[in-house]
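Here's the structure we're looking at; comments come further down.
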Protein chains: 2
Amino acid sequence: MQRIFNLNQHDLPTRWYNIQADLDRPLDPPLDPRTQEPLSPEALTALFAKTCVEQEVSTDRYIDIPPEVQETYRLWRPTPLYRATNLERVLDTPAHIYYKYEGASPTGSHKTNTAVPQAYYNKLEGTMRLTTETGAGQWGSALSFACQALGIDLTVFMVKISYQQKPYRKAMIELYGGEIVASPSDRTDAGRKILSENPDSPGSLGIAISEAIELAMSTGAKYALGSVLNHVLMHQTVIGQESLSQMEIAGEYPDAVVGCVGGGSNFGGLMLPILHDAQERGRKVEFIATEPTACPTITKGEVRYDFGDEAEMTPLLRMHTLGHKFVPPPIHAGGLRYHGMAPIITRLVEDGVIEPRAYDQVDVFKDAVLFARTEAIIPAPETSHAVHAAMELARECARKDEKKVILIGFSGHGHFDMSAYNAYLAGKLVRTS
Amino acid sequence: MQRIFNLNQHDLPTRWYNIQADLDRPLDPPLDPRTQEPLSPEALTALFAKTCVEQEVSTDRYIDIPPEVQETYRLWRPTPLYRATNLERVLDTPAHIYYKYEGASPTGSHKTNTAVPQAYYNKLEGTMRLTTETGAGQWGSALSFACQALGIDLTVFMVKISYQQKPYRKAMIELYGGEIVASPSDRTDAGRKILSENPDSPGSLGIAISEAIELAMSTGAKYALGSVLNHVLMHQTVIGQESLSQMEIAGEYPDAVVGCVGGGSNFGGLMLPILHDAQERGRKVEFIATEPTACPTITKGEVRYDFGDEAEMTPLLRMHTLGHKFVPPPIHAGGLRYHGMAPIITRLVEDGVIEPRAYDQVDVFKDAVLFARTEAIIPAPETSHAVHAAMELARECARKDEKKVILIGFSGHGHFDMSAYNAYLAGKLVRTS
C-alpha cells in the first residue's frame, strides 16, 4: 500500500494564493492605536519589508514566488503527504487519514515557508538586519535559517523561560548564525523596565515582541513576524497547493481539513487553497481549527480590535482575542499560547467556513502517543492538537460507519519537545480544563 | 536546479544484497571463546533469531525482504537523495556532492533498517521479548520503534552517562513503548557486580551489552545487535540500492563514497551494493570510511579475534580492534565509540577496497556547522565525520580543478545532539588528538 505521496521538485508551486481576492468583503484594516484611524502603508513599512506590506493589502489572487525563494524552498520542498494506514487500522475506522508533513523542513516546522520570503524581501530592499521574537523556538529557528541562507543578520528575543527550558532550540538558532537574547533583557528600554521591576521575570511573548520591535526601530533594522498577518498566511499557501496535487495522486479529495491554530498561519496555509479549490469544484469541505482549552482564542475569545503584544506597540488588528494582557497557563504547546488570531481566520470563523474546537493537553498527548506508536513520526505538541481532532473525527466515522477523507496539517515534529512527552509518560502533565 | 531525488514507494528494494556471495574467500567464522573453535549456529541461536543466524552465514547473493518488513519500511522509505548545491557553491568546487539522507527515518537514523527485520524475524519465531543496549541512543530508539510496530516487548540498557545526558533519547525510547534501564543496573549480576565495586560508575557500552545478554539468556528473551554483524550490514543495503537508482535519476555515478564507521553498518549498507554494481560495470570507485581519532579502530587498531564486549560474553570475531577493554574519550559522536569493527569492513580494508581516515571532532564539527549553514540539515556528530571527509575531498577537487561525484552516507540528523553543537559554538569542544 502506498503511504508516502511525493511530488517532484518541478511541481513546486510557483505562486502563492491570496484569499483576499476571493473574500466577499475586504478585511478590516489595521488601525493606528493613537488615532484609531487605518494605518498607512508607510507606517507599516517602518517596521516591515515594503513588499510584505504590499502583499498584506493586495487583492491579487496569485502572487509569484520569486525564483530565489523557490530555490531555497527546494532545500526541502515539496514536503511529503502521508497516508496514516497504521492509525486507520488501530482506530478500526473506515475514514482515510492523510497528513501533510511540514516537519520535513530543516528546522522541523512550517515556519520556514514564510521565513525565507520575508528574509528575501528585506534583503532585496537593502535591509541587512532583522529582529524577531520566539516562544517555543520554531519561528526563531526558521528565521535564523532563512537569514543565514540569505546572508542577513538576525537578533532573536527568546522568552526567558523557554530559553532556559529549551537549550536545544537555542543551539539550533545559534547554529544557523542568529544572535539569541533571553527576554526580558537589558538590550531595550522595554526589557530594562521589566527587569527593574522584576529581575526574575520569566518573560512572555508580549514582552519579547516589544523588545524585538524596539530594537528594530532604534537600530534601523526591520522586524519580522511569524504568524497572524495576511502575507504570512499567504506565504504558507504552498502547503495547501501541494496537498491538493498530492491528494489528486492519491485519488482522493479531503472531506475534512484539520489544523492547529496559534496565530493561524499553518492552518491558513493548508486550508485557504483547498477552500478556493473546493468552491470552484462546488464541493463541501469541513475546516476544523483546533486550539488548547488553556488558550481558547476562538472558542472563548471575542472579536474586536486589539493589540498584538502586551506592551501595546503593535497596530490594532480586528481579530478573535482573549485580551492582549491574557497570560495562558504554561502548557507544552508553546506555539499555541497566543491571545490573538489571524484576521483571515477570524473572518472565516465568522462566516461559518471554519469550525473551531478546543482540547485539553492531556487528551491531546494521549492521542499523540498513539499516533507516534502507530505512524512512527512524533508530532509537536502544537500539531498534536490537530492529530487529536482528526482521530476524534475518525472514531466518529467508525461509530457511524462513515467513510470520510481527513487531511491533517502536520505543522511540525516533536524532536525539540520531548520533555513534554517525558512529562506525559510520567503522568505529570496537568489538565487545565 | 533539482536538489532532491525521490523514489516512488514501488521502487523500494525487494531484496537485500549479501556481499558474502561475492567475496573471493569466506569470512573467518565467529569463535567460541572457551574452545577457540568455530561457533555452531545452535550456539548463536540461543542469543539471536534463527533467521538472522542463517543470514549471518548465508552465501546467497540476494535475500528477499519479507513483505511485512517492506510494509513497515514504507513508513519512511525510500529515503531522499539530496544534491548539496549550496555547499558546492560555498566550497567553490567542481565536485558534485550528494548525500543519502537516512535522517528521514522516524527515529532519525539508519538503525531502523535492521531494527525492523530483526524484530520481525524474532516475532515470526515466537520470541515476544527482546533486549539490547544503546550508547548514543539511536539504536535503542530504532529497536523500540520496531518492537512497537511488531508488538514485541523490549528492554534497553542505556549507558548511564548517556541516560543522564540525553533525556530526549530516553523519552523517545519510552514513547515507542520500550522499557529503559540505566546501565550498570541492579537488574543483572553483571550490573550488580559493577555497582558493588563502583556505585557511581557512568557505565559503558561493554557493560550494557553484558547486561542485555545476561537478561536475555536468563529470561528466555533474545538479544538484538545494531551493527557489526553480517546480517545487520545486509539489512542496511537498502540504502545503497536506493542510492544507485537515485544517482541514475540524477544522471551521475559516484566516484567516491564516504561514510562514518562505528560498527560499520551504515557505511556497509551504502557501499556494498555500490561496490558490487561498480565491479559489474568495471568502474573504479573510492570507498572512504571515516572514524574519530579518539577511537581509531581501523586506522590504529590491529586485526585479530576479539570480544565484542568488555565483559567477554560475546563470541570472538576477527576484526579491527583497539582491544575490548579500550575506553575511548567521551567524544560527542557516541555511535563511533566502539573498539571493534564489522568483519566485512575489516576484510574490505585488508583487501584495499576501503580506505580508512580518522578525524578530530573539532575539525569535524567545524565543517558540520558549515554544512548546516549551507544545506540546512543538521548532521549527527557521527555523520559529521563523513560530511567533513567529503568536504575535504571537495576542497581537494577545487585545488586540482577536478570534477568528482561524491556520495555521502548521511546516517542521521543531529536533533538529539544539539548539546554537542552548543559545546562547539561555545568553544568548549576538546581536541583529542
Picking from A:ILE63, A:ILE97, which residue would you name as being farther than 26 Å from A:ASP255 by Cα and in contact with a Lys or Arg (Cβ under 8 Å, 6 or more places away or on another chain)?
-> A:ILE63
What number goes with the only condition from (1) over 30 Å from A:ARG399 (Cβ atoms); (2) more than 11 Å from every other protein chain (Cβ to nearest Cβ); (3) crowded, with 19+ Cβ neighbours inside 10 Å; (4) charged (D, E, K, R) that A:LYS100 does not pass?
-> (1)
If you go through region B:1-20, how many residues are crowded, with 18+ Cβ neighbours inside 10 Å, facing chain A (nearest Cβ under 8 Å) and either over 27 Å from B:GLU88 (Cβ atoms) or within 23 Å of the chain's Cα centre (by Cα) (or both)?
-> 1
Of the residues that sit in region B:120-147 and are within 19 Å of B:HIS332 (Cα to Cα), in a helix (DSSP H, G or I) and out of contact with any strand residue (DSSP E or B) (no Cβ under 6 Å at 6 or more places or on another chain), which one is farthest from the other protein chains (Cβ to nearest Cβ)?
-> B:TRP139
Residue list for region A:207-228, filter: open to solvent by less than 20 Å² (accessible area, probe 1.4 Å) and in a loop (DSSP other than H, G, I, E, B) | A:ALA221, A:ALA224, A:GLY226, A:SER227, A:VAL228
Could you tell me whether A:ALA358 is assigned to a strand (DSSP E or B), farther than 30 Å from A:ALA171 by Cβ and either among the charged types (D, E, K, R) or modelled with pLDDT of 95 or more (or both)?
-> yes
Region B:195-205: number of residues that are assigned to a helix (DSSP H, G or I) and either in contact (Cβ under 8 Å) with a residue 12 or more places away in the chain or in contact with an Asp or Glu (Cβ under 7 Å, 6 or more places away or on another chain) (or both) | 2
Name the single residue, out of those in region A:114-143 being open to solvent by less than 20 Å² (accessible area, probe 1.4 Å) and more than 16 Å from the chain's Cα centre (by Cα), that is farthest from A:GLU71 (Cα to Cα).
-> A:THR131
For region B:81-97, name all the residues that are open to solvent by 20 Å² or more (accessible area, probe 1.4 Å), of a type outside the set (Lys, Arg) and within 12 Å of chain A (Cβ to nearest Cβ).
-> B:ASN86, B:VAL90
Which residues, counting only those in region A:361-391, are within 20 Å of B:TYR168 (Cα to Cα), of a type in the set (A, V, I, L, M, F, W, C) and assigned to a helix (DSSP H, G or I)?
-> A:VAL362, A:VAL364, A:PHE365, A:ALA368, A:VAL369, A:LEU370, A:PHE371, A:ALA372
Of all residues in region B:375-433, count the ones that are away from every other protein chain (no Cβ under 14 Å), open to solvent by 10 Å² or more (accessible area, probe 1.4 Å) and among the aliphatic types (A, V, I, L, M).
-> 2
If you go through A:GLU71, A:GLU42, A:GLU37, the only one that is open to solvent by 10 Å² or more (accessible area, probe 1.4 Å), within 11 Å of chain B (Cβ to nearest Cβ), free of Cβ contacts under 8 Å to residues at least 24 places away in the same chain and on the phi < 0 side of the Ramachandran plot is A:GLU71
Looking at (1) assigned to a helix (DSSP H, G or I); (2) under 30 Å from B:GLY151 (Cα atoms), which is the one condition that is false for A:PRO94?
-> (1)
Select from region B:151-194 the residues that are within 13 Å of chain A (Cβ to nearest Cβ), at pLDDT 95 or above, outside any loop (DSSP other than H, G, I, E, B) and buried (at least 23 other Cβ atoms within 10 Å of the Cβ) and list them in ascending order.
-> B:LEU154, B:MET172, B:ILE173, B:LEU175
Based on what the data block shows, is A:LYS111 open to solvent by 10 Å² or more (accessible area, probe 1.4 Å) and touching a Gly at 6+ places or on another chain (Cβ under 7 Å)?
-> yes
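The values are calculated or read from the model by the stated rules, or taken from the named source; none is laboratory data. Just so it is clear, the model here is predicted, and its values are computed rather than measured. Methodologically, a virtual Cβ is constructed for each residue, glycine included, from the backbone with ideal geometry; neighbour enumeration extends over all protein chains shown. Each accessible area value is taken on the protein alone, full model and side chains, heavy atoms only, with ligands, DNA and RNA left out. Shrake-Rupley method; radii C 1.70, N 1.55, O 1.52, S 1.80 Å.
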